[in-house]
Amino acid sequence: MKITGKTAVYGIIGHPVKHSLSPLMQTEAFKEAGIDAVYVPFEVEPENLEEAVSGLRALSVKGFNVTVPHKEKVAQLLDFLTEDAEFLGAVNTVKNENGKLTGYNTDAEGFLRSLIEEGVELSEKKVLMFGAGGAARAVGYALLKGGVKFLNIVNRNFSRAKAVAELLSKRGNVLVYPLKESTIDVLLKDADIIVNATSVGMKEDDPPLFDYSKIPEGITVVDIIYNPPETPLLKAAKEKGCRTVNGLGMLVHQGAVAFEVWTGRKAPVKKMREVLERELYGSS
Ligand SMILES: NC(=O)c1ccc[n+]([C@@H]2O[C@H](COP(=O)([O-])OP(=O)(O)OC[C@H]3O[C@@H](n4cnc5c(N)ncnc54)[C@H](OP(=O)(O)O)[C@@H]3O)[C@@H](O)[C@H]2O)c1
């Protein structure tokens, strides 16, 4: 590509940032849309976050994504927050308009869009979600926004689950339970949708969250993990005739929403997905 004095600069801050797929995805998106812009990774140590944000502002970087471990802290360094970002206390996308920085959280919207794309209906559904980390907060919030009847949260660390439930219960019916087989047996019987928002299933030797042979037949099972594309949870769910959704759609759509925030243009979602599939799974 031809970089000139007019080329807009975007990027991502994180620590570590070198595994991020966003530079690849957003660069391809700008190219596909014919937008004169570059998107680069910025490695930012936690103690340098404030300085880094001031620098990005001063350099008129047009927008940037924020990843682990800066998503919460960065919220305190911005001029404005959207309702989603303020509620979740976490920002993954920043837009710079004449030196004024606005923080967005596109994870929740990205998750919702990925379910809509797959035809998953949320209204009045009963959801069992595993996890209470950063991703689970955004996913749980999105599920409640999508109109689920109630959200049962199970997490290994129970006090972490309680903290998430305290926040999310401002938006709907939320109950928390410990990660205990007998409790999960009961919860499974009343679930229309199961969502895994933990990191269990990323590694081949991860022990299962519960006995997957107990997944009810024909329900919907969502795993926000995108690599591997089919976790043991999703494999077992498929064998039970369930509709399954992995985390690739969430990854693509959180990026697509960021692209739209920055450019005001519709994101080339198909292209963004293709480039990620090729990079992650060697196909498209
Ligand atoms: N598709 C996407 O776009 C997208 C976006 C963000 C994240 N993700 C994926 O979501 C997952 C979670 O990310 P995060 O940022 O929320 O991480 P996090 O804040 O570190 O939370 C990790 C979660 O996994 C649970 N967990 C980890 N190991 C476990 C085990 N052996 N048994 C039971 N629970 C376990 C933790 O439980 P405790 O609280 O008990 O430790 C916690 O609930 C990751 O796999 C990440 O790749 C996907």
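The values are calculated or read from the model by the stated rules, or taken from the named source; none is laboratory data. No experiment lies behind these values; they were computed from the predicted model shown. As a convention, Cβ positions derive from the backbone with ideal geometry for all residues, glycine included, and neighbour counts pool all protein chains shown. Protein only, heavy atoms only, side chains kept; ligands, DNA and RNA dropped before computing areas. Shrake-Rupley method; radii C 1.70, N 1.55, O 1.52, S 1.80 Å.
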(Q) Can you give me the convex hull volume of the Cα atoms of the stretch 58-98, divided per residue and expressed in Å³? (A) 72
Q: Would you look at the GNM of the chain, springs on alpha carbons closer than 10 Å, and say which of 58, 191, 108 moves the most?
A: 58
Q) Using mean Cβ contacts within 10 Å as the protection proxy, how do 233-242, 20-29 order, highest first? A) 20-29, 233-242
Q: Starting from the amide H of residue 93, placed 1.01 Å from N in the peptide plane, find each other amide H under 5 Å away whose residue is 5 or more places distant or on another chain.
A: 66, 104, 106
**Q.** Inverse mean reciprocal Cα-Cα distance (Kirkwood Rh) of the stretch 109-246, Å
**A.** 14.6
Q) What are the ³J(HN,Hα) values, in whole Hz, obtained from phi via the Karplus relation 6.51 cos²θ - 1.76 cosθ + 1.60 with θ = phi - 60°, for each residue of the stretch 73-84 in sequence order, with x given for Gly and Pro? A) 4, 5, 4, 7, 9, 10, 7, 9, 10, 6, 4, 4
Q: Quick one: which residues, 5 or more positions from residue 39 or on another chain, have an amide H under 5 Å from its amide H? H modelled 1.01 Å from N in the peptide plane, none for Pro or chain starts.
A: 10
Q | Highest average packing first - 204-211, 134-141, 96-103, Cβ atoms within 10 Å | A | 134-141, 96-103, 204-211
**Q.** Cα-based helix-to-principal-axis angle, 22-33 vs the chain, degrees rounded to 10
**A.** 70
Q. To the nearest µm²/s, what D does Stokes-Einstein give for the chain at 10 °C and 1.306 mPa s, using the Kirkwood radius over alpha carbon pairs as Rh?
A. 81
Q. Nearest 10 degrees, 0 to 90: what angle lies between the long axis of helix 134-145 and the longest principal axis of the chain (Cα atoms)?
A. 70
Q. Suppose R0 equals 22 Å; then what is the FRET efficiency for residue 79 and residue 51 from their Cβ-Cβ distance, rounded to the nearest 0.05?
A. 0.80
Q | Euclidean distance between Cα centres, the stretch 42-58 to the stretch 206-265, Å | A | 33
Q: Just report the Cα centroid separation between the stretch 66-101 and the stretch 171-189, whole Å.
A: 32
Q) Per residue, how much accessible area does the chain have with a 1.4 Å probe, in Å²? A) 48
**Q.** Portion, in percent, of the accessible area of the chain that falls on carbon or sulfur, probe 1.4 Å
**A.** 50
Q: Find the Cα radius of gyration of the stretch 222-265, compare it with 2.2 N^0.38 Å by division, and give the number to two decimals.
A: 1.48
Q: Step through the residues of the stretch 89-100 one at a time and calculate ³J(HN,Hα) from phi using the Karplus curve (6.51 cos²θ - 1.76 cosθ + 1.60, θ = phi - 60°), rounding each to whole Hz and writing x for Gly and Pro.
A: x, 8, 10, 10, 9, 10, 10, 10, 10, 6, x, 9
Q: Mind computing the radius of gyration and Dmax over the alpha-carbon atoms of the stretch 4-53? Å is fine for both.
A: 12.3, 37
**Q.** aspartates and glutamates whose Cα lies under 20 Å from that of residue 2, excluding same-chain neighbours fewer than 8 positions away
**A.** 28, 32, 36
Q.
Treating the stretch 202-284 as a set of equal point scatterers at the Cα positions, no solvent, please give the Debye-formula log₁₀ I(q)/I(0) at q = 0.16, 0.17, 0.22, 0.24 Å⁻¹.
A. -0.70, -0.76, -1.01, -1.09
**Q.** Out-of-range pairs (alpha-carbon distance over 23 Å; input 71/170; 62/170; 145/235; 162/240; 71/238; 95/203)
**A.** 62/170; 145/235; 162/240; 71/238; 95/203
Q | FRET E, pair residue 278, residue 211, Förster distance 35 Å, beta-carbon r, rounded to 0.05 | A | 0.50
Q. Where does helix 106-117 land angle-wise versus the long Cα axis of the chain, in degrees 0 to 90, nearest 10?
A. 60
Q. Taking residue 31 as the anchor, which aspartates and glutamates have their alpha carbon closer than 16 Å to its alpha carbon, excluding any fewer than eight residues away along the same chain?
A. 260, 274
Q. What list of ³J(HN,Hα) values in whole Hz, one per residue of the stretch 150-164 in order, does the Karplus curve 6.51 cos²θ - 1.76 cosθ + 1.60 (θ = phi - 60°) give from phi, with Gly and Pro shown as x?
A. 8, 10, 9, 10, 10, 8, 4, 8, 5, 5, 5, 4, 5, 5, 5
